[in-house]
Amino acid sequence: MPAFEKGELINDNGGYAEIYKARRSIYAPEGSIYGSVRLNRVKEFEDICIKEIVLSASDDAEENLKEINAILYEAYLHALLYRSLDNAGLQSIVPKIYEIVATSTTGAPAVSPAEIASIWINMELLEGTTLDKWLQVKFRNTTRAANSALLRKILIQLATILDHLQSTLEFNHRDLKVNNVFVRHHAVPWSRTIGAATFDIDLVLIDFGFGCVACGSGFPNPRGTLLGAGNYFRPEDDCLKVGRDLAHFLYSLHCLFPLEELLERDLYALLHSAMRANRGARTYDLWMGVDAIGNPLVGPRPRIIRFNNGIYHFLRDGCSEVPGCAPRAILTALGAV
């Protein structure tokens, strides 16, 4: 039986979930005293984190059940990714997940979905920082050549990971903005080998609240969603769009950092070309920006673009594709295959 000590809040980004530092141990029953089961601690406490999602419809059982299922699908996807990567010796690419816990509105065991107050996803506590914060330091007061070399390493590792997850699980993250990639800190020199490539930056994928696994071959719509998390995407929406995740990543990156001013000209041109998107018969430059309802903007190319929900709308559209951002296309363009 797991036991927890919930500690301080460690995120302050105002998202739908709150992350707490906590401690976790395991207890086992060992006889009884006067009718009460005695529990013996069989594992020392270790640091973990708790991702707590407070339900928004606490007095509506049907709505609560929908929200609970959406959260559970996120946990299922997280566990599936961890197991698939563990089989390939790459389990550190996602945080280790322990268990899912529900809290009740009454303090007693819940007997109805309406009595569920929040869901906890208990997982490994990561030591490090999100990629956006890490790059704010790394990109500062350095050269275009150094920035370009660093970003090449990051993109090759991300593309290699995503290619593995797409080919083995037909998985899309669907929210791969820069702050949903974590850089794990190491006190000593560290490296990871994926296939024939070795990396010295420890990237971790986090937050699978929009993730999905596609139906795959044998289904009427192979790209359709077999299992999806969250309520934003519908079951009929395409899941596996091979260019979606890296397009989302590069879009968010360019929103935070004016890449034309930070990168060498050849790498900037390569990535700019990859961000050419198709919607039906038309082609758009996503680095012109997208409005809040998903319409690509036209006109003079701005120095920076603003990140908003429009990129989600655009990439969700069944007619939109970003072929240059397919992981294998990026790896080929970067000379990594």
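Every read-out reported here was derived from the displayed coordinates using simple, explicitly stated rules and does not represent laboratory data. In this text the structure is predicted, and so the values were computed from the model without any measurement. Note that we place each Cβ from the backbone using ideal geometry, even for glycine, and neighbour counts take in every protein chain shown.
Structure notes:
- The dipole here belongs to region 2-124: it is taken about the Cα centre, uses +1 on the Cβ of Lys and Arg and -1 on the Cβ of Asp and Glu, and is about 540 debye.
- The share of alpha-carbon pairs in region 2-124 lying farther apart than 17 Å comes to 66%.
- Calculated Cα Rg over 2.2 N^0.38 Å (choose from (i) 1.01; (ii) 1.08; (iii) 0.90), label: (ii)
- Here the relative contact order of region 128-333, from alpha carbon pairs under 8 Å that lie six or more residues apart, stands at 22 percent.
- Helix 265-274 and the long axis of the chain differ in direction by around 70°, with both axes built from C-alpha atoms.
- Each Lys and Arg Cβ is given +1 and each Asp and Glu Cβ -1; about its Cα centre, region 128-333 then shows a dipole of about 340 debye.
- The residue 198 and residue 140 beta-carbon pair, evaluated with R₀ = 25 Å, returns a calculated FRET efficiency of approximately 0.40.
- Cut-off 10 Å between beta-carbons: net charge of the residues surrounding residue 131, Lys and Arg +1, Asp and Glu -1: +2
- Candidate aspartates and glutamates - alpha carbon under 18 Å from residue 51, same-chain residues fewer than 8 apart omitted: 5, 8, 12, 18, 67, 74, 99, 124, 127, 175, 207
- Length-normalised contact order of region 2-124 in % [C-alpha pairs under 8 Å, at least 6 apart]: 23
- Residues of region 128-160 with an amide N closer than 16 Å to a point placed 7 Å from the Cα of residue 190 along the Cα-to-Cβ direction: 128-135, 154, 157-158.
- For region 77-236, relative contact order (Cα pairs under 8 Å, six or more residues apart, normalised by length) works out to 20 percent.
- No Cys partner within the rule (Cβ under 4.7 Å), the chain: 49, 215, 255, 319, 325
- Counted charge near residue 74, where neighbours are those whose Cβ lies closer than 10 Å (Asp, Glu -1; Lys, Arg +1): 0
- Region 87-185: GluC sites (Glu not before Pro) in DSSP coil with no more than 13 other Cβ atoms inside 10 Å: 127
- Counting charges near residue 44 (Lys, Arg +1; Asp, Glu -1) among other residues having Cβ under 12 Å from its Cβ returns a value of +2.
- Stokes-Einstein D in µm²/s, Kirkwood radius over Cα pairs - region 199-337 at 20 °C with 1.002 mPa s viscosity: 133
- Nearest 10 degrees, 0 to 90: helix 244-256 Cα axis against the chain principal axis: 80
- In this simple spin-label approximation, residue 21 and residue 234 carry label points 7 Å from Cα along the Cα→Cβ vector, and these lie 4.4 nm apart.
- Bridging of residue 153 to lysines at a Cα separation below 18 Å is possible for 133, 138, 177, once same-chain residues fewer than 8 apart are set aside.
- Theoretical gain in end-to-end length, residue 10 to residue 112 [0.36 nm per residue, Cα-Cα removed]: 33.7 nm
- Charge dipole (region 2-124, unit charges on Cβ, about Cα centre) - positive-most of 73, 112, 85: 85
- Centre-to-centre separation between the Cα atoms of region 210-239 and those of region 83-147: 22 Å.
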